[in-house]
Amino acid sequence: GQQVMQIPQYQHVQEGEDFTTYCNSSTTLSNIQWYKQRPGGHPVFLIQLVKSGEVKKQKRLTFQFGEAKKNSSLHITATQTTDVGTYFCAGPGFYNNDMRFGAGTRLTVKP
Amino acid sequence: EAGVVQSPRYKIIEKKQPVAFWCNPISGHNTLYWYLQNLGQGPELLIRYENEEAVDDSQLPKDRFSAERLKGVDSTLKIQPAELGDSAVYLCASSLGVGGGYTDTQYFGPGTRLTVL
């Protein structure tokens, strides 16, 4: 079945440094979603990408969907301590609403 | 607007005991999901409901797990009997269920952390 793989598993940065996490799928995705989970919290929806090559920005966060719709990335510019958490990508399985989550990238930020 | 409500938040039981989790989705959300999340991993879908119908339960270990959503609103997930390996966070999520080939935004509850001793 469809799987999404995320790298890196962990990332530790100094506050102010940039951060990028990558998501790769073995199959073409109709869309991809990104979620953030704070330590001790639950996943919170960030964004959905649908179009090939799509780029969306949310303040310091930039999301990209690859041309082949098999990969995606999340880039955070000038990280802050509030960015700490685990970032998950998720792609649909057989049904559009059966999302398959990656293992996530855990971001820690040193002040 | 209230979010997804789950109870209990924490549960500690001994192996072979039964346990049940309850979820109340966001009002008006037709689709309800149960996920299992192990430490350091992403959520894994157990079952998805469209109203009261379970449309995907292929990942639910049916020998010990069961779920129901009788009136298409609240849902319960049960494990009987629990095993040591069932220790995890059980997340409930809901979405509007717009259909038409679109993927909904899912709203997660706080989860129930289960510890099986």
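The values are calculated or read from the model by the stated rules, or taken from the named source; none is laboratory data. In this text, all values refer to a predicted model and were calculated from it rather than measured experimentally. Please note: Cβ atoms are built from the backbone with ideal geometry, for glycine as well, and neighbour counts cover all protein chains shown.
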Considering region A:75-98, residues that are in contact with a strand residue (DSSP E or B) (Cβ under 7 Å, 6 or more places away or on another chain) and within 7 Å of chain B (Cβ to nearest Cβ), and then whichever is surrounded by the most Cβ atoms within 10 Å (Cβ to Cβ), we arrive at A:Phe88
(1) among the small types (Gly, Ala, Ser); (2) part of a strand (DSSP E or B); (3) over 15 Å from A:Phe101 (Cα atoms) all hold for A:Ser73 apart from (3)
TODO: Report yes if A:Thr79 is over 9 Å from the mean Cα position of the chain (by Cα) and either free of Cβ contacts under 8 Å to residues at least 60 places away in the same chain or not in a loop (DSSP other than H, G, I, E, B) (or both), otherwise no.
DONE: no
A careful count of residues in region B:21-58 that are touching a residue at least 12 places away in the same chain (Cβ under 8 Å) and closer than 21 Å to B:Lys71 by Cα gives 23
- Would a scan of region B:72-90 turn up a residue that is of a type in the set (Phe, Trp, Tyr), within 10 Å of the chain's Cα centre (by Cα) and closer than 21 Å to A:Met99 by Cα? yes
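For every residue, the table says whether it meets (1) at pLDDT 95 or above; (2) in contact with a Lys or Arg (Cβ under 8 Å, 6 or more places away or on another chain); (3) outside any strand (DSSP E or B).
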site	(1), (2), (3)
B:Cys23	yes, no, no
B:His29	no, no, yes
B:Ala67	yes, yes, no
B:Lys71	no, no, yes
B:Cys92	yes, no, no
B:Pro110	yes, yes, yes
B:Arg113	yes, yes, no
Exactly one of A:Phe65, A:Phe45, A:Phe19, A:Phe101 is closer than 18 Å to B:Gly40 by Cβ and surrounded by 17 or more Cβ atoms within 10 Å (Cβ to Cβ), and that one is A:Phe101
By residue number, the members of region A:64-111 that are under 13 Å from A:Gln48 (Cα atoms) and basic (Lys, Arg) are A:Lys69
Contact list, first residue from region A:11-26 and closer than 11 Å to A:Leu107 by Cα, second anywhere and in a strand (DSSP E or B) and of a type in the set (Phe, Trp, Tyr), beta-carbon distance below 7 Å, six or more apart or interchain, is A:Gln11/A:Phe19; A:Val13/A:Phe19; A:Thr21/A:Tyr87
Subset of region A:48-57, residues crowded, with 17+ Cβ neighbours inside 10 Å and more than 10 Å from every other protein chain (Cβ to nearest Cβ), comes to A:Leu49, A:Glu54
Checked pairs for region B:2-20, first on the phi > 0 side of the Ramachandran plot, second surrounded by 14 or more Cβ atoms within 10 Å (Cβ to Cβ), C-beta under 8 Å and 6 or more apart or across chains, list as B:Lys16/B:Pro81; B:Lys16/B:Ala82
Selection over region A:26-44 where residues are within 9 Å of chain B (Cβ to nearest Cβ), assigned to a loop (DSSP other than H, G, I, E, B) and closer than 20 Å to B:Val89 by Cβ yields a count of 3
